[in-house]
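The values are calculated or read from the model by the stated rules, or taken from the named source; none is laboratory data. Please read all numbers here as calculations on a predicted model, not as lab measurements. Surface accessibility is based on the protein's heavy atoms, side chains included, excluding ligands, DNA and RNA. Shrake-Rupley method; radii C 1.70, N 1.55, O 1.52, S 1.80 Å.
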Amino acid sequence: MAKEHWQQAPEEHDFPAAADYLSLVFPERLAASIVEELRSAPTVTRKAKDLLRASRLALRAADDVHGAKDLKKVADGRLLSPVLLVRGRAALGTPLTVADGYHRICASYHLDEDADIPCRLVDAPA
């Protein structure tokens, strides 16, 4: 499978998906504000293994329906969209929030846990 399998910019539909999720863990206005920050944040890279550790999310199986779909995209030569993240607050015990892209992180981990994943990362609201 292709080692380089990421786009440099998120797809437009990732932002409403992030807003839907974030509105479950933040008030709706705050979630909308975070999404606007994600739209303009620079793209940075982080390793799949570090994203899973920081988010405290479990690695999904390679045959998970969504992960398998992303692995097939990569096998077909298509590029995955960067993930959208809200930085955790270690002092408060708050993990990294994956606003959009959890299954893409897992798929990438199955390809290479040390591969750099393009991310949009913003600070959590105070």
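Of 97, 43, which has the most accessible area and how do the rest follow, probe 1.4 Å?
Correct descending sequence by accessible area is 43, 97.
Convert each backbone phi in segment 90-106 into a coupling constant with the Karplus relation 6.51 cos²θ - 1.76 cosθ + 1.60 (shift: θ = phi - 60°), then list the ³J(HN,Hα) values in order as whole Hz, x for Gly and Pro.
Once rounded to whole Hz, the list reads 4, 4, 9, x, 8, x, 4, 9, 8, 6, 7, x, 3, 5, 5, 4, 4.
Between segment 3-81 and segment 97-126, how many Å separate their Cα centres?
Segment 3-81 and segment 97-126 have Cα centres spaced 6 Å from each other.
Counting only protein heavy atoms and using a 1.4 Å probe, what share of the accessible area of segment 3-126 belongs to carbon plus sulfur, as a whole percent?
Answer for segment 3-126 is 52 percent, counting heavy atoms of protein chains only.
Can you give the accessible area of residue 25 in Å² (nearest 10), computed on protein heavy atoms with a 1.4 Å probe?
80 Å²
Please state the relative contact order of the chain as a whole percent: Cα pairs under 8 Å, 6+ residues apart?
Over the chain, the number comes to 38 percent.
Determine the order of 14, 114, 123, 63 by accessible area, beginning with the largest, at a probe radius of 1.4 Å.
63, 123, 114, 14
Report, for the chain, the % of DSSP beta bridges that are antiparallel, rounded to 5.
Approximately 65 percent, going by the DSSP bridge assignments.
Does anyone have the angle between helix 14-25 and the longest principal axis of the chain? Alpha-carbon axes, 0 to 90°, nearest 10?
The angle comes out at about 50 degrees.
Taking the 0 to 90 degree range and rounding to the nearest ten, how far is the long axis of helix 65-75 tilted relative to the main principal axis of the chain, both from C-alpha atoms?
Helix 65-75 sits at roughly 60 degrees to that axis.
Give me the accessible area of residue 11, 1.4 Å probe, in Å² rounded to the nearest 10.
Around 60 Å² of this residue is reachable by solvent.
Amide H of residue 6 versus every other amide H placed in the peptide plane: which residues, excluding those fewer than 5 positions away on the same chain, fall under 5 Å?
80
Report the accessible area of residue 66, computed with a 1.4 Å probe over the heavy atoms of all protein chains in place, in Å² rounded to the nearest 10.
Surface open to solvent at residue 66 totals about 90 Å².
What is the helix-to-structure angle for 28-40, meaning the angle in degrees between its Cα long axis and the longest Cα principal axis of the chain, kept from 0 to 90 and rounded to the nearest 10?
Computed tilt is about 50 degrees.
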